[in-house]
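Here the structure comes first, spelled out in structure tokens, and everything after it is commentary.
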Amino acid sequence: MSRDPAELRRLHFINTLFAHVTGHDLYLAQQICEAITFSLAELQAQTEAHPEFAAKFDTAFNAAAAALLAKHFADVPQYGFYHWDASLTLASATPLFSRAEILIGLKHLAPYREAMLLVTNLRPALVPPTHRATPRRKRDYAEALAFIQDLAAARTARSANLQLLFL
């Protein structure tokens, strides 16, 4: 049985994101994946008819997975969760605004010993798919990744276990 590479990528994403629930069981991850895809059935049908909508479906899938995970973490009081979408505004991914957003997230996660900070759409915000990936844009993206990692490391208590996920 061969799978579409995008489906496999989404399956591994869900398996990683929900590992504490699935225990890395791909069957359970597949069920979560199918539930999210089912909730986006109309958009998936448009994507099948128009392959150029694939990026839009991936963005919607990632947002739905993040919302589901946030809802799950709300029911589990010992775990913290914060989601930052770097493409919310044109300035979101710039160093000043990203620092402020990440600090808000880290402040939200500070009371938890186990927490997850999910950063989505950082690459598309800094290296838009509709533009050429220039060396400067690639450098800005690499610097943003390093900046967020360093900021999270500096502002997280040593006793805390923070998972930092970039999507």
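Would you say L122 is closer than 30 Å to E52 by Cα, touching a residue at least 24 places away in the same chain (Cβ under 8 Å) and either over 13 Å from the mean Cα position of the chain (by Cα) or surrounded by 15 or more Cβ atoms within 10 Å (Cβ to Cβ) (or both)? Yes. Residues of the stretch 84-98 that are under 17 Å from L151 (Cα atoms) and surrounded by fewer than 19 Cβ atoms within 10 Å (Cβ to Cβ): S92, T94, P95, L96, F97.
Residues of the stretch 136-164 being of a type in the set (A, V, I, L, M) and assigned to a helix (DSSP H, G or I), which ones? Passing the criteria: A142, A144, L145, A146, I148, L151, A152, A153, A154. Among residues of the stretch 20-39 that are closer than 23 Å to E114 by Cα and among the β-branched types (V, I, T), those with a beta-carbon under 6 Å from a residue that is open to solvent by 60 Å² or more (accessible area, probe 1.4 Å) and part of a helix (DSSP H, G or I) at least six positions away or on a different chain give the pairs T22/L28.
Which residue, of E101, E114, is surrounded by 14 or more Cβ atoms within 10 Å (Cβ to Cβ), at pLDDT 75 or above and farther than 27 Å from V127 by Cβ? Before the answer, list the steps.
Details: E101 fails: farther than 27 Å from V127 by Cβ.
When all the criteria are applied, what remains is E114.
For residues that are of a type in the set (D, E) and assigned to a helix (DSSP H, G or I), scanning just the stretch 1-36, find the one that is most open to solvent (accessible area, probe 1.4 Å). My answer is E34. Only residues that are surrounded by 15 or more Cβ atoms within 10 Å (Cβ to Cβ) and out of contact with any helix residue (DSSP H, G or I) (no Cβ under 6 Å at 6 or more places or on another chain) were counted in the stretch 125-136, giving 1.
The values are calculated or read from the model by the stated rules, or taken from the named source; none is laboratory data. Not measured: the values here are computed from a predicted model. Every residue, glycine among them, receives a Cβ derived from its backbone with ideal geometry; neighbour counts consider all protein chains shown. Surface accessibility is based on the protein's heavy atoms, side chains included, excluding ligands, DNA and RNA. Shrake-Rupley method; radii C 1.70, N 1.55, O 1.52, S 1.80 Å.
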